[in-house]
Amino acid sequence: MLTIPPGLDPDVLRSFIMVAEGASVTRAAERVGRTQSAVSMQMRRLEEILGTELLKRGPRGLVPTERGLWLLERARTLLALHDEIHANFRLAPLIGQVRLGSPDDYALQWLPGILARFAEAQPRIEVDVVCLNSEELAHKLTTGALDLALLTEGHNPENTEHELLWRGPLNWVGPAHHALHKRDPLPLAVAHPGCAWRRATLEALAREGRTPRISYNSATQSGCFAVALAGLALTVSTPTRLPPGLVWMGPNEGLPVLPDISIELHRRSDVDDPAALALADAIREGFAAEREIPVANHAMV
């Protein structure tokens, strides 16, 4: 017969977090709106349920034991989920339509998870996604054809507000079984002349005295990857999951270090619709949750 463990009261876990963070039952009681004796009783009850000491008195007040630290980390996660569930059902569902622009590489890397979670939380908001390069998206923002857009740094459309979402390295990408990096001039597959990635790549090569030959221009990252997979040119990318057959490259292959690149969220200043603001929040939270993306110098499958 399955034995169900006793439930953990979220209010008790919240009091435990307050005590552990403030090193004091008195301060915790003030923050949760209970008496000191009530919080003390909660802590004793929690230790009884879990069968271990969770707090001990130190020189500066109460501190978590080793098992208390283990619980503290998980209690924070559990309460965050608990509060999210309550908030989701308390709020009236939003209704509306949001026009979001993104370069295709950002859309593939970042948006699937963000949009899936947003659709679950706000099923009555329609999101129209437009994939173009940052220069074209900036123009659409200026003309009012978009509400929000993910843009590479360096594009500042008029009448918009923007914030930094992510900053990280630009990296070389090449085919796994070709020595294109040894060629002179160096064959490249990059975007149009207004692209920040293209400009950064050419400037890095110029500093190293390497001569580039732009063999292919593509408006999309997938197009550049296709050319690299064919063994025709190198390209560049921010950290992402590479198609099988491509590898990350860099100084070990004699290629110059490329600069960091920023991804920004731009919103038209006159857009204050709750649906658009909710999507902006979801994008912000999604980037914050997945800020660190590992890059290894091997094919990623």
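The values are calculated or read from the model by the stated rules, or taken from the named source; none is laboratory data. Please read these numbers as outputs of a predicted model, since none were measured by experiment. Note: ideal-geometry Cβ built from the backbone for every residue, glycine included; neighbour counts use all protein chains shown.
Below are the figures for this structure:
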read-out	value
Answer from Leu111, Leu137, Leu148, Leu91 - the residue that is at pLDDT 90 or above, more than 20 Å from the chain's Cα centre (by Cα) and either farther than 20 Å from Thr220 by Cβ or in the same structural domain as Ile283 (by TED's automatic domain parsing) (or both)	Leu137
Qualifying residue in segment 255-266 (condition: assigned to a strand (DSSP E or B) and over 30 Å from Leu100 (Cα atoms))	no
Cross-chain or 6+ apart pairs with Cβ under 9 Å, segment 50-76 first and touching a residue at least 24 places away in the same chain (Cβ under 8 Å), then loosely packed, with under 11 Cβ neighbours inside 10 Å and of a type outside the set (Val, Ile, Thr)	Val63/Arg57
Residue that is at pLDDT 90 or above, surrounded by fewer than 18 Cβ atoms within 10 Å (Cβ to Cβ), in contact with a Leu (Cβ under 6 Å, 6 or more places away or on another chain) and outside the structural domain of Ile114 (by TED's automatic domain parsing), where the choices are Arg210, Arg199	Arg210
Verdict on Leu202 being among the aliphatic types (A, V, I, L, M) and either on the phi > 0 side of the Ramachandran plot or part of a helix (DSSP H, G or I) (or both)	yes
Qualifying strands (runs of 3 or more DSSP E) (wholly inside segment 121-169; at least 2 residues being without any contact (Cβ under 8 Å) to a residue 60 or more places away in the chain)	125-131
